[in-house]
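Heads up: the structure comes next, in structure tokens.
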Amino acid sequence: MMRALVADDDRIATTILSRALAPSGIGALAIHPGWMRTQMGGPDATLDPADCARGIYQVIVTGDASTPRFVQHDGQPFPW
């Protein structure tokens, strides 16, 4: 239940931000970084932080301009 509430908060915030910035031609994008091998994610996490950072960079520089969007680190839509 808590995860659903957090996802709803992210979706609402991204949508509100998107609407507020639209007159300026600026889009809103929320990116879920995924489960990374960090101190917090632990050694069993599936993603290397450097690979994740490269993926997020690619999403930003090559992504489409539709807004609002909530995607994963690889550009795939995040299942809200």
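Overview of values
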| item | result |
| --- | --- |
| Count - residues of region 30-62 that are in contact with a Cys (Cβ under 8 Å, 6 or more places away or on another chain) and more than 23 Å from I12 (Cα to Cα) | 1 |
| Selected residue (only one of G42, G75 is touching a residue at least 12 places away in the same chain (Cβ under 8 Å) and in a loop (DSSP other than H, G, I, E, B)) | G75 |
| Flag if A28 is surrounded by 15 or more Cβ atoms within 10 Å (Cβ to Cβ) and out of contact with any Asp or Glu (no Cβ under 8 Å at 6 or more places or on another chain) | yes |
| Residue check, A53 at pLDDT below 90, surrounded by 11 or more Cβ atoms within 10 Å (Cβ to Cβ) and within 13 Å of the chain's Cα centre (by Cα) | no |
| Count of residues meeting criterion [more than 18 Å from F78 (Cα to Cα) and of a type in the set (K, R)] in region 7-32 | 1 |
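The values are calculated or read from the model by the stated rules, or taken from the named source; none is laboratory data. A quick note: this is a predicted structure, and the numbers were derived from the prediction, not measured. As a convention, Cβ positions derive from the backbone with ideal geometry for all residues, glycine included, and neighbour counts pool all protein chains shown.
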